[in-house]
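The values are calculated or read from the model by the stated rules, or taken from the named source; none is laboratory data. All values derive from a computational prediction rather than experimental measurement. Backbone-built Cβ (ideal geometry, glycine too); neighbour counts: all protein chains shown.
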Amino acid sequence: KQEEEDYEDVPINKTWVLSPKIYESDTTLILNKLLHGYDNKLRPDIGVRPTEIETSVYVNSIGPVDPINMEYTIDIFFAQTWYDSRLRFNSSIKLLMLNSNMVGKIWIPDTFFRNSRKSAAHWITTPNRMLRLWGNGRVMYTLRYTR
């Protein structure tokens, strides 16, 4: 019985999986420790090495295409992944899945789309962005864009 209470159903890409329960108090303790003295204006390992950012684009839809003006509309999820040693933690929790409220508290790359005429991030009903932190300091920031 206790073993069943330690797990919960979690939706992943419209598939339900059994995942260990993560208690709010545990997550709060980890985040408070990580953010104490953290400066989000400084990139990871500043003055030591460049911060490498891995990017991925997941296309939701393309179109319409305007061949006359050479424009198109695309709806994407744009994911950026990097390592920040300041965000390493040791816990039975291996991954923290955080909402948009945490985005402003850590360093985020200032990536942009060159030659983009216009783009918009989705903010309905809440900002469409998510942050994931792994215990080894890996960070993944995902944002939904339309351009």
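Counting only residues that are farther than 15 Å from PHE113 by Cβ and touching a residue at least 12 places away in the same chain (Cβ under 8 Å), the stretch 63-83 holds 3 of them.
Residue count for the stretch 25-47 under the criterion of being free of Cβ contacts under 8 Å to residues at least 24 places away in the same chain and more than 18 Å from PRO109 (Cα to Cα): the result is 6. Suppose the filter is under 11 Å from the mean Cα position of the chain (by Cα), modelled with pLDDT of 90 or more and among the aromatic types (Phe, Trp, Tyr); does TRP82 pass it? In short, yes.
When the stretch 48-72 is filtered for residues that are in a loop (DSSP other than H, G, I, E, B) and either farther than 17 Å from ILE108 by Cα or among the polar types (S, T, N, Q) (or both), the ones remaining, listed by number, are VAL48, THR51, PRO67, ILE68, ASN69, MET70. The combined condition, being among the charged types (D, E, K, R), surrounded by fewer than 13 Cβ atoms within 10 Å (Cβ to Cβ) and in a loop (DSSP other than H, G, I, E, B), is fulfilled by LYS41. Scanning the stretch 66-100 for residues that are exposed (fewer than 11 other Cβ atoms within 10 Å of the Cβ) and on the phi < 0 side of the Ramachandran plot yields a count of 7. When you look at ASP75, is it modelled with pLDDT of 80 or more and not in a strand (DSSP E or B), yes or no? Here the answer is no, as ASP75 does not meet what is asked. Of ILE30, ILE93, all but one fail to be among the hydrophobic types (A, V, I, L, M, F, W, C), assigned to a loop (DSSP other than H, G, I, E, B) and closer than 12 Å to LEU133 by Cβ; the exception is ILE93.
With the requirement that a residue be closer than 16 Å to ARG43 by Cα and of a type in the set (Gly, Ala, Ser), what does the stretch 73-106 give you? If the condition is that a residue be closer than 16 Å to ARG43 by Cα and of a type in the set (Gly, Ala, Ser), then SER85, GLY104 are the ones that fit.
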